[in-house]
Amino acid sequence: MLESKKKLGNELYQSLGKLFYAMAMADHSIHVQEVEKLNEVVRDYWLEVDDIEDEYGTDSAFQIVSVFDWLLEYEKESEEIYEEFEAFYTDNKVLFTPQIKNLAMSTSRAIIASFSGSNKSELILLGRLQLLFNN
């Protein structure tokens, strides 16, 4: 039971990495300020969410940054990655507590506001996320 909780916890954080990447990439480019903001928010807020660790004994919240960095390296498309997040969310709604949803929304807002304010494509994606979480 604990192993599967751990695995799901890691998958949750990986999916959040996809979400935050999709948000930052919505305008087709990721700026250093967005990456720095993500790292800061993970350190300041996500590490406190739970005590799940990955197989290396590192806090699972760092999976968010690992996945984000991997997607950035391979320059994945925002839409494709957002849809992967959406599919994970739909299949695992139980993992998304009100606390996780609120933090995901505020993290998304912080990322898109970190570089010259938010633009239309980022705001549209934020709206989609809000609708997803409300249904």
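Between E80 and V32, the contour length at 0.36 nm per residue exceeds the alpha carbon distance by 15.1 nm. Within the listed set L95, L38, L19, the residue fluctuating most in the Gaussian network model of the chain (springs between alpha-carbon atoms under 10 angstrom) is L95.
In the chain, taking the dipole from charged Cβ atoms about the Cα centre, the farthest positive-side position among T90, Y21, V65 is held by T90. Across the stretch 61-73, coupling constants 3J(HN,Hα) worked out from phi with the 6.51/-1.76/1.60 Karplus curve, θ = phi - 60°, read 4, 5, 4, 4, 5, 4, 5, 4, 5, 5, 5, 5, 4 Hz, and Gly and Pro carry x. Under 5 Å between amide hydrogens, built in the peptide plane, is the criterion, and for E53 it picks out S60 among residues at least 5 positions away or on other chains.
Whole-Hz Karplus values for the stretch 102-109 come out as 4, 5, 5, 5, 5, 5, 4, 4 Hz, taken residue by residue from phi with 6.51 cos²θ - 1.76 cosθ + 1.60 and θ = phi - 60°; glycine and proline positions read x.
With 26 Å as the limit on Cα-Cα distance, the pairs of K7/K93; K7/K120; K5/K120; K37/K120 that go past it are K7/K120; K5/K120. A Förster distance of 35 Å, applied to the separation of the beta-carbon atoms of R109 and E3, puts the FRET efficiency at 0.55. Between the exposed loop cleavage positions of the chain, defined as GluC sites (Glu not before Pro) in a non-H, G, I, E, B DSSP state with at most 15 neighbouring beta-carbon atoms within 10 angstrom, the longest gap is 78-135. Per-residue Cβ neighbour counts within 10 Å put Y45, Y89 in the sequence Y45, Y89, beginning with the fewest.
Could you calculate the FRET efficiency of E48 with D91 from 1/(1 + (r/R0)^6), where r is the beta carbon distance between them and R0 is 30 Å, rounded to 0.05?
Step by step, r from the Cβ atoms, then E = 0.70.
FYI, it's all coordinate maths here, none of it is from the lab. Model, not experiment: these values are computed from the prediction. Note: ideal-geometry Cβ built from the backbone for every residue, glycine included; neighbour counts use all protein chains shown.
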